[in-house]
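What follows draws every value from the coordinates through simple rules; no lab data is involved. These figures come from a predicted structure and were not determined experimentally. Please note: Cβ atoms are built from the backbone with ideal geometry, for glycine as well, and neighbour counts cover all protein chains shown.
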Amino acid sequence: MENNNITYINYENGALSGANISEGVTTIGKMAGFFKDEKARAAIQPDTIAYRVQIHSAVTQADKPGTLYYGVTFLNPGMVGNEYYMTKGHFHQKPTAEYYWCIQGQGKLLIMDKDRNYEVIEMSPGTLHYIPEEYAHRVVNTGETPLIFGACWPADAGHDYQSIVNQGFPIRMINKNGKPVIEATI
Ligand code: M6P
Ligand code: ZN
């Protein structure tokens with residue numbers, strides 16, 4: 001029996017249900033400029049879902065310092081040209097850390113600081129990732145099933161996508177002979 005004021009987490013797949021949940025969808029059509037092969041991206045049906053994010057918010061004022069959001073992202077498997085589906089990735093506008101943890105699937109967490117120093121970190125069910133403040137973060141699904149990961153971050157962090165559109169990450173995850181390999185961005 002579900003109580004109307006309670007939020008539930010499905011421990012199998014991370015899905016949220018119940019109170020105070022909102023959902024956002026990012027389609028391939030909304031990802032212009034993020035993949036290497038823009039022609040291949042534009043050729044994909046724009047309504048194709050790259051990922052969905054469910055957010056639990058108990059916050060009444062979004063920019064109030066000290067408050068938190070909890071989210072779960074369902075990143076579909078797929079390719080744009082030879083590049084795996086990924087989240088847009090972002091810096092926080094306000095330098096604040098974030099936790100990511102992998103619930104299902106297989107992939108990579110890419111993090112990058114302002115000087116473009118980067119790390120590629122393995123994500124598989126049960127891995128926990130502390131993303132320090134001032135590091136951009138992006139998740140890539142290198143598997144064949146949805147990559148599902150949880151997140152918790154300060155509600156006043158803000159998302160800076162423009163720096164990513166302008167400069168990108170120094171590397172991309174490419175499928176080469178059926179295997180994910182790191183490719184330097186030119
Ligand atoms: C996680 C959190 C959210 C983020 C989402 C998708 O759930 O980090 O803040 O919006 O992933 O990532 P992005 O915003 O980079 O597309
Ligand atoms: Zn973030």
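At the listed q of 0.10 Å⁻¹, the Debye profile of the chain, built from one uniform point per Cα, gives log10 I(q)/I(0) equal to -0.39. Taking a sphere under 11 Å around the Cβ of LYS108 and counting the other residues whose Cβ falls inside, with K and R at +1 and D and E at -1, yields a net charge of 0. Among rounded, prolate and oblate, which fits region 120-186 when a ≥ b ≥ c are the square roots of the eigenvalues of its C-alpha gyration tensor, a/c under 1.5 means rounded, and a/b larger than b/c means prolate? Oblate, because a/c is 1.5 or more while a/b does not exceed b/c.
What is the local net charge at HIS92, summed over the other residues whose Cβ is closer than 15 Å to its Cβ (Lys, Arg +1; Asp, Glu -1)?
Around HIS92, the surrounding residues sum to -3.
Among MET86, MET79, MET31, sorting on how many other beta-carbon atoms sit within 10 Å of each Cβ, with the fewest leading, yields MET79, MET31, MET86.
For the chain, the mean residue ellipticity at 222 nm estimated from helices alone is -1500 deg cm²/dmol, where every DSSP H run of n ≥ 4 contributes -39500 (n - 2.57) and the total is divided by all residues, rounded to the nearest 500.
What the Cβ-Cβ distance of ALA32 and GLU183 gives, at R0 = 30 Å and to the nearest 0.05, is a FRET efficiency of 0.90.
A convex hull fitted to the Cα coordinates of region 1-106 yields 138 cubic angstrom per residue.
For region 81-154, the calculated P(r), taken from all Cα-Cα distances in 10 Å bins from zero up to the bin holding the longest distance, is 20, 54, 24, 2 percent. By the count of other C-beta atoms within 10 Å, a proxy for reagent exposure, ARG172, ARG52 are ordered fewest to most as ARG52, ARG172.
Most exposed first by the Cβ proxy, i.e. fewest other Cβ within 10 Å, how do ILE121, ILE28, ILE131 rank? Kindly include the intermediate steps, with their values, before the conclusion.
Working: ILE121 15, ILE28 23, ILE131 19.
Placing the least packed residue first, the sequence is ILE121, ILE131, ILE28.
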